[in-house]
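Only one structure is covered here, and it is reproduced in the block below.
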Amino acid sequence: MANYFTLTTSDDSKSKKFRVIYGGYANILEKAQSIDKTIDGNYDISVGSIHERYVFSVRVREEEPDGGDLYADGWGTEADLRYFYSLNNPLGTPSNHITFTDHFGNTKTVVMLGDYNSQLQGIMVTGQTAWSVASCTFVVIG
């Protein structure tokens, strides 16, 4: 779907792009449902709404180069991605409702859920050559 996406806070105070690793993308539809067998052997099936969920593996640096480079401007760091994950209050400013924009310009309102997992790749732990791969999950709410 996307080779990068942009996250923007609900109050537009922060907007950053994140690089998606090739093959590190899943678009999941999940249906609220339960299936039980009744006493007579038939199925009792209850269905609810369908929710869309995105799972990404993104590659982030510990520090991005300063402006002046078209390809460097606006990229988020590992700390930026962690910041978006830490937005936890639906009534806060900014709230945990994040605007997700794919590289085609399509936007959706999402919240980040699940565990935040970032793994350092290589021996550099600081600077522009310190890359990490982070796994992040979004559920579409609007």
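The values are calculated or read from the model by the stated rules, or taken from the named source; none is laboratory data. All values reported here derive from a predicted model rather than from experimental measurement. We place every Cβ from the backbone using ideal geometry, glycine too, and count neighbours over all the protein chains shown.
General observations
Conditions tested, residue by residue: (1) touching a residue at least 12 places away in the same chain (Cβ under 8 Å); (2) touching a helix residue (DSSP H, G or I) at 6+ places or on another chain (Cβ under 6 Å).
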residue: Thr99; (1), (2): yes, no
residue: Asn106; (1), (2): no, no
residue: Val111; (1), (2): yes, no
residue: Tyr116; (1), (2): yes, yes
residue: Ile123; (1), (2): no, no
residue: Ala134; (1), (2): yes, yes
residue: Phe138; (1), (2): yes, no
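- Residues of the stretch 122-137 that are touching an Asp or Glu at 6+ places or on another chain (Cβ under 6 Å) and either basic (Lys, Arg) or modelled with pLDDT under 90 (or both): Thr126, Gly127, Gln128.
- Considering the stretch 121-131, the residues that are farther than 16 Å from Asp80 by Cβ and of a type in the set (A, V, I, L, M) include one that is surrounded by the fewest Cβ atoms within 10 Å (Cβ to Cβ), namely Ile123.
- Flag if Asp36 is acidic (Asp, Glu), at pLDDT below 95 and touching a Phe, Trp or Tyr at 6+ places or on another chain (Cβ under 8 Å): yes
- Test: residue in the stretch 20-32 that is in contact with a helix residue (DSSP H, G or I) (Cβ under 6 Å, 6 or more places away or on another chain) and either hydrophobic (A, V, I, L, M, F, W, C) or under 17 Å from Glu78 (Cβ atoms) (or both): no
So that you can scan it fast, the table gives a plain yes or no per residue for (1) modelled with pLDDT of 95 or more; (2) surrounded by fewer than 12 Cβ atoms within 10 Å (Cβ to Cβ):
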| residue | (1), (2) |
| --- | --- |
| Ser10 | yes, no |
| Ile28 | no, yes |
| Tyr43 | no, yes |
| Gly48 | no, yes |
| Glu62 | no, no |
| Asp69 | no, yes |
| Leu81 | yes, no |
| Lys108 | yes, no |
| Leu113 | no, no |
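- Hits in the stretch 13-59 - residues which are more than 28 Å from Asn96 (Cα to Cα), of a type outside the set (Asp, Glu) and in a loop (DSSP other than H, G, I, E, B): Thr38, Ile39, Gly41, Asn42
- Unmet requirement for Leu87, which otherwise passes all of (1) within 25 Å of Glu64 (Cα to Cα); (2) surrounded by fewer than 10 Cβ atoms within 10 Å (Cβ to Cβ): (2)
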